[in-house]
Amino acid sequence: MEKSQKTAREIYLELKNNPARKRFGFGKKAILVNVDLQKAYTRTDLFNTAYETDPNQLNYVNQLAERFRIRDWPVVWTYVAYLESAEDCGVWGTRTDTEDSLQNIKYKSVRSELDDRLEIDKDKDIIYCKKMPSAFFETQLQSLCVWHQVDTVIMTGGSTSGCIRATAVDSLSRGYRTIVPEECVADKHESYHFANLTDLSIKYADVMDVQEVFNWLDK
């Protein structure tokens, strides 16, 4: 195992700035998957579980969503919420049982609500409630991708080390070119965030500046 005194941020920036870094690239048609941009994870003024990495994250997400709608490409929002019994959270919800615990994000609770700053088109956009980290796991996302004949998945949301990573791995495993706009994902701590951006870049996805995604969509 290689050892280093560099921070996770420094390692990521070295990789990002390497001109020899290879990419999967964009395909012909994309789907936008916005993962768990709900108040439990976005409202730092309300909940201990929330976090902010780039203060403009939600604004960038809204701009991406608008560009997708102009092209008549699918826009998906996911959130997590559970029954009062929490049985649908399974073993994932067994480590703790506090008001901040995952399984205590209940249906129709404030924690389960998508952030009010998001511009969601309730007539065109698709909203899925998911139970596990990946947005593909036991949702209709795979069927939606097939129906729309997409070859590229562009992902936003959080957390980088959790549900973003899990969704990216599942996306690549299903044969999709997977794009993660850096400013559009967030995590609780920069160490987790940048370590996972590095790992995603090396193995599973193209991590790039959101402006590059805008440029592709605006072509």
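Computed quantities for the displayed model
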read-out	value
Hits among lysines - C-alpha to C-alpha of K108 under 19 Å, sequence gap 8 or more where chains match	K39, K122, K130, K131
DSSP-assigned coil residues among trypsin sites (Lys or Arg not before Pro) in the stretch 29-85, each with at most 12 further Cβ atoms within 10 Å	none
Chain lengthening between I70 and D121 when straightened (0.36 nm per residue, less Cα-Cα)	17.2 nm
Theoretical FRET efficiency, 1/(1+(r/R0)^6), r = Cβ-Cβ of S143 and K6, R0 45 Å, to 0.05	0.60
Taking the chain and dividing mean pair separation by its residue count, relative contact order in percent (alpha carbons under 8 Å, at least six apart)	28 percent
Cα centroid separation, the stretch 24-46 to the stretch 130-179 (Å)	10 Å
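Since every read-out is calculated from the coordinates, none of them should be taken as a lab result. Since the structure is predicted, the reported quantities are computational estimates derived from the model, not experimental observations. Heads up, the Cβs are rebuilt from the backbone with ideal geometry, glycines too, and the neighbour counts pull from every protein chain shown.
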